[in-house]
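The values are calculated or read from the model by the stated rules, or taken from the named source; none is laboratory data. Keep in mind it's a predicted model, so treat the numbers as computed, not measured. Glycine also receives a Cβ, built like all others from the backbone with ideal geometry; neighbour counts cover every protein chain displayed.
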Amino acid sequence: MAETILEYLHEPYRYFGTATLQEIRTDDKGRSALVLDRTIFYPQGGGQACDLGRIEDDSFRFDVAAVTCVDGVVLHSGVGYSVMPAVGEPVTLRLNEQRRIFNSRLQSGGHLLLNAMRDAGQALVATKGYHFPDSPYLEFAGTVPESDRAALVEILQGHIDRLIGSDLPVIQQFLPYERLGEICRNVPPGVPRDRPIRVITIDGFSQPCGGTHVRSLSELTGMRIVRLKVKRRYLRVSYVIPDGNPSAST
Ligand SMILES: [Zn+2]
């Protein structure tokens, strides 16, 4: 089975698409799982929740309840209604647009926090990102003295407010693996070497990332740092972004 073409990497602001049904599988929860030649659905991974939505044609509807990626093949799991299309037939894809936009804002907020840490003079390397709506955070290897943490929250918030106020663009580009080291301060292990890698850059700070992002920082208006916590030599910085896109109409 060929790998699914990930259209959201190149066109993250498209919420409607078409594809060809390749296979109908059963996922590990016993649900039907559609395999398509291409998809606009983001599969859960990289600390970001999957897209939800609908796959349909004139005579059937499939409500997507989960999207996962297994060995490069994206599985759209869910429940189908009416007669399923045959392999080789075209289908249309519709994302839950509001969910995608919110997930993109949470994902981009993680990058903005990296910028704020850099601008605060913190050299700690991020080891984990969790960009789900319930309690998003970044985790860094290392600690900050307890006496400095309240001040750091204020400093980070100041940089975040300043950067959002500047409405800087969130730049996306593809680079070969060999060139990542030229512009990325930290290239995480596990980044594939056999294909161009998508790099996200905000204000000169670049990070390889396969998630979905906003166009510019004004879309992160309202982002707040809410907590610094140290656990077993890791610093966790938690943030919130209000739901609803403040500049969806622009
Ligand atoms: Zn990202």
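Does any residue of segment 167-178 turn out to be touching a Pro at 6+ places or on another chain (Cβ under 9 Å) and hydrophobic (A, V, I, L, M, F, W, C)? Among the residues of segment 167-178, at least one is touching a Pro at 6+ places or on another chain (Cβ under 9 Å) and hydrophobic (A, V, I, L, M, F, W, C), which makes the answer yes.
Within segment 70-114, the residues that satisfy the criterion of being under 18 Å from G210 (Cβ atoms) and modelled with pLDDT under 95 are V70, D71, G72. Just one of the listed residues (V240, V187) is of a type in the set (A, V, I, L, M, F, W, C), within 19 Å of the chain's Cα centre (by Cα) and more than 16 Å from the ligand (Cβ to nearest atom), namely V240. Inspect all residues belonging to segment 1-12 and state whether any of them is in contact (Cβ under 8 Å) with a residue 24 or more places away in the chain, within 26 Å of V170 (Cβ to Cβ), more than 16 Å from the ligand (Cβ to nearest atom) and touching a Phe, Trp or Tyr at 6+ places or on another chain (Cβ under 8 Å). Among the residues of segment 1-12, not one is in contact (Cβ under 8 Å) with a residue 24 or more places away in the chain, within 26 Å of V170 (Cβ to Cβ), more than 16 Å from the ligand (Cβ to nearest atom) and touching a Phe, Trp or Tyr at 6+ places or on another chain (Cβ under 8 Å), which makes the answer no.
Evaluating D148 against the criteria (1) touching a residue at least 12 places away in the same chain (Cβ under 8 Å); (2) of a type in the set (D, E); (3) more than 14 Å from the ligand (Cβ to nearest atom); (4) out of contact with any strand residue (DSSP E or B) (no Cβ under 7 Å at 6 or more places or on another chain) leaves one unmet condition, (1).
Residues in segment 76-119 that are farther than 30 Å from L235 by Cα and either within 14 Å of the ligand (Cβ to nearest atom) or crowded, with 24+ Cβ neighbours inside 10 Å (or both): H76, L93. Taking the criterion of being in contact with a Lys or Arg (Cβ under 7 Å, 6 or more places away or on another chain), more than 17 Å from P133 (Cβ to Cβ) and not in a strand (DSSP E or B), the only residue of segment 30-72 that qualifies is I40.
When we screen G47, G72, G78 for residues that are touching a residue at least 12 places away in the same chain (Cβ under 8 Å), among the small types (G, A, S) and touching a His at 6+ places or on another chain (Cβ under 6 Å), the only hit is G47.
Among the residues of segment 210-235, which ones are more than 16 Å from the ligand (Cβ to nearest atom), hydroxyl-bearing (S, T, Y) and in a strand (DSSP E or B)? Within segment 210-235, just Y234 meets the criteria.
Among the candidates V214, V199, V191, V187, the residue that is surrounded by 13 or more Cβ atoms within 10 Å (Cβ to Cβ), under 22 Å from I171 (Cα atoms), in the same structural domain as A120 (by TED's automatic domain parsing) and in contact with a Lys or Arg (Cβ under 7 Å, 6 or more places away or on another chain) is uniquely V214. For segment 185-214, a residue qualifies if it is touching a residue at least 12 places away in the same chain (Cβ under 8 Å) and at positive phi, and exactly one does: D203. Just one of the listed residues (R179, R195) is assigned to a helix (DSSP H, G or I) and either away from the ligand (no atom under 15 Å from the Cβ) or of a type in the set (D, E, K, R) (or both), and it is R179.
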